[in-house]
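Report on the structure given below.
What follows is calculated from the coordinates using simple rules that are stated; it is not laboratory data. In this text, all values refer to a predicted model and were calculated from it rather than measured experimentally. Every residue, glycine among them, receives a Cβ derived from its backbone with ideal geometry; neighbour counts consider all protein chains shown.
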Amino acid sequence: MTPLEDREGFSVARALTIEWGHCDPAGIVFNPRFFEFFDWSTALLCEAATGLDKPAMLAAYDLIGIPLVDTGARFLKPSRYGDRVEIVSTVVEVGRSSFAVRHRLHNDGALAVEGRERRVWAGRHPDDRTRMKAAPIPEDLARRLRGA
C-alpha cells in the first residue's frame, strides 16, 4: 500500500495478484470479489490516514465501524487468475459524518473496474452503546481525507 498525493483527496494504491479462489469457473474474477477488494482497500486507506490499524482506529475513535451505505461498480475489462492488478482508492468527498471513495482497478495498465463506496463514520448511540449512530468525522482526519 502506498499513500499518494491526489488533488481530489487522500489516496492509497496497492498491488494484488488474482488468485484461484477469486475466479469463477470461466477463470475470471467473480464480480462480487471486487467489492471485497474495495472493502479491504478502504480499510487500508483509513489505516494510512489515521496511522492506526482497524482495531486500534475503532478503539481510538470509539467507533463501532465505518459501514457501507452505498456502493456500485462498472466492469470494463476482465481480470484472470495470475493477473497482477493495482487498485488506487481515493477519497472523493468528505461530509460531516460520511465519506465517499472511488476505487480504480487497473490490469495491465488499463482501467478494468471502477467502483464507488459511501461510508458512514459510526459511533456508539448515546442512549444505547450497543447501537450505532452517525458521528462527526474528527476535523483533523477530515482534512487529511480531503488531501489537505
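As a length-normalised measure over Cα pairs under 8 Å and 6 or more apart, the relative contact order of the range 1-134 settles at 27 percent.
I'd like the FRET efficiency for L52 and D127, computed as 1/(1 + (r/R0)^6) with the beta carbon distance as r and R0 of 35 Å, rounded to 0.05. With R0 = 35 Å, the Cβ-Cβ based efficiency is 0.80.
Under a Cβ-Cβ cut-off of 12 Å, what is the net charge of the residues other than H106 that fall near it, where Lys and Arg count +1 and Asp and Glu count -1?
0
Taking a point 7 Å out from the Cα of L68 in the direction of its Cβ, the residues of the range 107-137 whose backbone N falls within less than 17 Å of it are 113-122. Comparing A100, A59, G27 along the charge dipole axis of the chain, the residue lying farthest to the positive side is A100, per the Cβ-charge model.
Treating only the Cβ of Lys, Arg, Asp and Glu as charged (+1, +1, -1, -1), what charge dipole size does the chain show about its Cα centre? Round to the nearest 20 debye. Working shown, then result.
On the way: 21 positive and 21 negative charges, 53 e Å.
Result for the chain is approximately 260 debye, rounded to the nearest 20.
Projecting the Cα atoms of T17, P126, W40 onto the charge dipole of the chain (Cβ charges, centred on the Cα centre) puts P126 farthest toward the positive pole. Taking the empirical scaling 2.2 N^0.38 Å for compact globular proteins as reference, the range 1-124 has a Cα radius of gyration ratio of 1.07.
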